[in-house]
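*Asks:* Once you've had a glance at the structure underneath, I'll fire off some questions.
The values are calculated or read from the model by the stated rules, or taken from the named source; none is laboratory data. Remember, predicted model here, so these are calculated numbers, not experimental data. Here the Cβ positions follow ideal geometry from the backbone for every residue, glycine too, while neighbour counts run over all protein chains shown.
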Amino acid sequence: IMKGDDSKSKGFGFVSYETPEAAESACDGLNGTEFHSKTIYVGRAQKKAERQMELKKKFEQMKMERMSRFQGVNLYVKNLDDSIDDEKLRQEFALYGTITSAKVMTEEGSGRSKGFGFVCFSSADEATKAVTEMNGRIIVAKPLYVALAQRKEERKAQLASQYIHRISGMRMPAMGP
């Protein structure tokens, strides 16, 4: 058991086994079990860099799973009136299907609306119907902009592509003598 300068347990330790098979058996049998009312992690000892790589991979995998789960069902809504809150946003879109979440983005200190938010539906069909029906609809004297939400990287890539397309379409004026 590893201990700190104060001689208290750091909450982890190491066990050496005579064979790799015995170590693997201990990992399989004990990982995720309860010990002194705490769930324990039992795994092969790893160097810090190896452990960090593994954690990074797991984080990326979880991120990709989360993104694919919301792909096609999460809507970006902008040009919201300041009077629109989460509940009002939910009510405006409820007609089009089952909403799993509705959130108006607010400024941290004041709680004032930033004028945009997200509405997440339970299915892509419901989300598509909401985009079709709600984009351009006037709510509290303002026309809404409603589209499928995009990750920041996707949006930047799309904007860059549009910019390059526009620039390449422009003719450079002929330089005369």
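*Asks:* Determine which single condition residue 100 fails, assuming it passes every other condition in (1) in contact with a Cys (Cβ under 7 Å, 6 or more places away or on another chain); (2) in a loop (DSSP other than H, G, I, E, B).
*Replies:* (2)
*Asks:* Criterion first (part of a loop (DSSP other than H, G, I, E, B), at positive phi and surrounded by 12 or more Cβ atoms within 10 Å (Cβ to Cβ)) does residue 72 satisfy it?
*Replies:* In short, yes.
*Asks:* It is to be established whether one or more residues within region 56-70 are touching a residue at least 12 places away in the same chain (Cβ under 8 Å) and over 30 Å from residue 28 (Cβ atoms).
*Replies:* Initial filter on region 56-70 (touching a residue at least 12 places away in the same chain (Cβ under 8 Å)): 67, 70.
Still in the list and also over 30 Å from residue 28 (Cβ atoms): 67, 70.
The answer is yes; a qualifying residue exists.
*Asks:* Cβ-Cβ under 7 Å, sequence separation 6+ or interchain: first residue in region 4-22 and among the hydroxyl-bearing types (Ser, Thr, Tyr), partner outside any loop (DSSP other than H, G, I, E, B). Which pairs?
*Replies:* 9/3; 17/23; 17/26
Yes or no, residue by residue, for (1) in contact with a helix residue (DSSP H, G or I) (Cβ under 6 Å, 6 or more places away or on another chain); (2) modelled with pLDDT under 90; (3) not in a helix (DSSP H, G or I):
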site: 130; (1), (2), (3): yes, no, no
site: 150; (1), (2), (3): no, yes, yes
site: 157; (1), (2), (3): no, yes, no
site: 161; (1), (2), (3): no, yes, no
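*Asks:* Here are 100, 106, 128: which of them is among the polar types (S, T, N, Q) and touching a Lys or Arg at 6+ places or on another chain (Cβ under 7 Å)?
*Replies:* 106
*Asks:* Could you look through region 103-121, keep only residues that are of a type in the set (A, V, I, L, M) and touching a helix residue (DSSP H, G or I) at 6+ places or on another chain (Cβ under 8 Å), and pick out the one that is surrounded by the fewest Cβ atoms within 10 Å (Cβ to Cβ)?
*Replies:* The first filter runs over region 103-121 and keeps only residues of a type in the set (A, V, I, L, M), leaving 104-105, 119.
Next cut, touching a helix residue (DSSP H, G or I) at 6+ places or on another chain (Cβ under 8 Å) only: 104, 119.
Details: 104: 21, 119: 30.
The extreme case among them is 104.
*Asks:* Could you tell me which of the residues 31, 79 is modelled with pLDDT of 90 or more, surrounded by 10 or more Cβ atoms within 10 Å (Cβ to Cβ) and under 30 Å from residue 145 (Cα atoms)? Steps first, answer last, please.
*Replies:* Numbers: 31 fails: under 30 Å from residue 145 (Cα atoms).
Going through 31, 79 in turn, the sole match is 79.
*Asks:* Going by the conditions given, is residue 136 over 19 Å from residue 72 (Cα atoms), without any contact (Cβ under 8 Å) to a residue 40 or more places away in the chain, in contact with a Leu (Cβ under 8 Å, 6 or more places away or on another chain) and surrounded by 15 or more Cβ atoms within 10 Å (Cβ to Cβ)?
*Replies:* No, not satisfied.
*Asks:* Quickly run through region 142-170 and pick out the residues that are among the aromatic types (Phe, Trp, Tyr) and free of Cβ contacts under 8 Å to residues at least 12 places away in the same chain.
*Replies:* 163
*Asks:* Give region 34-52 a look and list any residue that's part of a helix (DSSP H, G or I) and loosely packed, with under 12 Cβ neighbours inside 10 Å, or say none.
*Replies:* Within region 34-52, 48, 49, 50, 52 meet the criteria.
*Asks:* State which residue pairs qualify: first residue in contact (Cβ under 8 Å) with a residue 40 or more places away in the chain and under 19 Å from residue 76 (Cα atoms) and inside region 106-117, second residue surrounded by 10 or more Cβ atoms within 10 Å (Cβ to Cβ) and of a type in the set (Asp, Glu) in any location, beta carbons under 9 Å apart, and separation of 6 or more residues or different chains.
*Replies:* Hits for this filter: 117/86.
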